[in-house]
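Colleague: Take a look at this one; I'll ask things after.
The values are calculated or read from the model by the stated rules, or taken from the named source; none is laboratory data. None of these values were measured; they are calculated from a predicted model. Quick reminder, even Gly has a Cβ in these numbers, built from the backbone with ideal geometry, and neighbours come from all protein chains shown.
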Amino acid sequence: MAWLHAVIDAPAAIHQAQADFWSRALGWPVRDPWAGHPELHSFEPPRGRPYVHLQNVDAQPRVHVDLEAPNPAETMTRARDLGATLVAEHERWSALRSPGGLPFCVLVAGDHEPPELVVWQDAHRTRLVQVCVDSPVAAHDDEVAFWRALLPGRWTESGAHEFAGKWHDDAGSPLQLLFQRLDEPDGLVRAHLDLGTDDLAAEVRRLHELGADDIGPGRGWHALRDSFFIESCATENSPEQTLLRDLR
């Protein structure tokens, strides 16, 4: 099992604005802070376990992933052996950086009840289905190799030069990973969020109405940016929650 969570990191000055925008984008309200961790909130679906969270940080806005593991200490050791750097250890999780600089956390695996997708008034459906790992050219191959070695599950190669492939645990993780090669020659690896929908045009219109800025269309996706420069895409990935994702 490698159940994944997506975490939106926002500095205090924009924390509430990020909470408001992403709550409306996801269709899930932001709940009270975590017990013992006032910096962390979850976007909670009506049913099922939350897997998208908001963290107040002293850093630039960004996205990171949390990885659940049956044996976190073993997974953390393996990550470090593969080139990750330990940043901090907490009671419930450990914070690391991938070889290319992407923040991620390892935490103990819990019980899972996947949330359902969201159905909007016009009947189109949406769910956050993917975190895209964006790597500059110099870091791309090593970053992909790191995650492929670290994560159990299924890997599907991409036929497009821009993308290396997709990953899913085939055990019900609500999120899959996509690995993208950027045009930038070097720099830190980062990540963005991808919403899956069964009506791409309707979803893009909805996000524009929420205040998202347009970046432009692609092949089966449309790139946008919130008001504080966190990028995301509306994509034709199925919003359905399934054990075995279609990784085409």
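Colleague: Could you check the range 74-103 and list, in sequence order, the residues that are within 20 Å of Tyr51 (Cβ to Cβ) and part of a strand (DSSP E or B)?
Modeller: Listed by number, the residues that qualify are Trp93, Ser94, Ala95, Leu96, Pro103.
Colleague: Continuing with this model, one more query. Give the residues of the range 206-224 that are surrounded by fewer than 15 Cβ atoms within 10 Å (Cβ to Cβ) and either under 16 Å from the mean Cα position of the chain (by Cα) or basic (Lys, Arg) (or both), sorted by residue number.
Modeller: Selection gives Arg219 alone.
Colleague: Among the numbered criteria (1) surrounded by fewer than 17 Cβ atoms within 10 Å (Cβ to Cβ); (2) under 17 Å from the mean Cα position of the chain (by Cα), which one does Val129 miss?
Modeller: (1)
Colleague: Testing Ala139 on (1) under 25 Å from Glu113 (Cα atoms); (2) in a helix (DSSP H, G or I); (3) aliphatic (A, V, I, L, M), one condition comes back false. Which one is that?
Modeller: (1)
Colleague: Of all residues in the range 155-177 being among the aliphatic types (A, V, I, L, M) and either in contact with a His (Cβ under 9 Å, 6 or more places away or on another chain) or closer than 16 Å to His5 by Cβ (or both), which is surrounded by the most Cβ atoms within 10 Å (Cβ to Cβ)?
Modeller: We begin by selecting, within the range 155-177, every residue among the aliphatic types (A, V, I, L, M); these are 160, 164, 171, 175, 177.
Next, only the ones that are either in contact with a His (Cβ under 9 Å, 6 or more places away or on another chain) or closer than 16 Å to His5 by Cβ (or both) stay: 164, 171, 175, 177.
Working: Ala164: 23, Ala171: 14, Leu175: 24, Leu177: 26.
Step by step, filter the range 155-177, then rank; the result is Leu177.
Colleague: May I pose another question? Quick one: in the range 193-205, of everything that is under 18 Å from Gln176 (Cβ atoms) and of a type in the set (A, V, I, L, M, F, W, C), which residue is surrounded by the most Cβ atoms within 10 Å (Cβ to Cβ)?
Modeller: Across the range 193-205, the extreme among qualifying residues is Leu195.
Colleague: Does at least one position in the range 152-173 carry a residue that is outside any loop (DSSP other than H, G, I, E, B), of a type in the set (Asp, Glu) and without any contact (Cβ under 8 Å) to a residue 60 or more places away in the chain? Quick ask: steps written out before the conclusion?
Modeller: If we filter the range 152-173 for residues that are outside any loop (DSSP other than H, G, I, E, B), which is where we start, we get 154-157, 163-168.
Subset that is of a type in the set (Asp, Glu): 157.
Now drop any that are not without any contact (Cβ under 8 Å) to a residue 60 or more places away in the chain, which leaves 157.
For the range 152-173, residues outside any loop (DSSP other than H, G, I, E, B), of a type in the set (Asp, Glu) and without any contact (Cβ under 8 Å) to a residue 60 or more places away in the chain: present.
Colleague: Okay, next question. I'm checking my understanding of the structure. Among residues of the range 225-248 that are among the polar types (S, T, N, Q) and within 26 Å of Asp9 (Cβ to Cβ), which one is surrounded by the fewest Cβ atoms within 10 Å (Cβ to Cβ)?
Modeller: Ser227
Colleague: Could you look through the range 112-126, keep only residues that are outside any loop (DSSP other than H, G, I, E, B) and within 18 Å of the chain's Cα centre (by Cα), and pick out the one that is surrounded by the fewest Cβ atoms within 10 Å (Cβ to Cβ)?
Modeller: Residue satisfying both the conditions and the ranking: Val118.
Colleague: Moving on to the next point. Could you say which residue among Ala88, Ala35, Ala59, Ala109 is exposed (fewer than 15 other Cβ atoms within 10 Å of the Cβ), at pLDDT below 95 and touching a Pro at 6+ places or on another chain (Cβ under 7 Å)?
Modeller: Result: Ala59 is the single residue among Ala88, Ala35, Ala59, Ala109 that is exposed (fewer than 15 other Cβ atoms within 10 Å of the Cβ), at pLDDT below 95 and touching a Pro at 6+ places or on another chain (Cβ under 7 Å).
Colleague: Residues being in a strand (DSSP E or B), among the hydrophobic types (A, V, I, L, M, F, W, C), within 21 Å of Thr235 (Cβ to Cβ) and in contact (Cβ under 8 Å) with a residue 60 or more places away in the chain: count how many of those fall in the range 17-73.
Modeller: 3
Colleague: OK, next. Looking at the range 68-83, which of the residues that are buried (at least 16 other Cβ atoms within 10 Å of the Cβ) and touching a helix residue (DSSP H, G or I) at 6+ places or on another chain (Cβ under 7 Å) is nearest to His15 (Cα to Cα)?
Modeller: Of everything passing the filter in the range 68-83, Ala69 is nearest to His15 (Cα to Cα).
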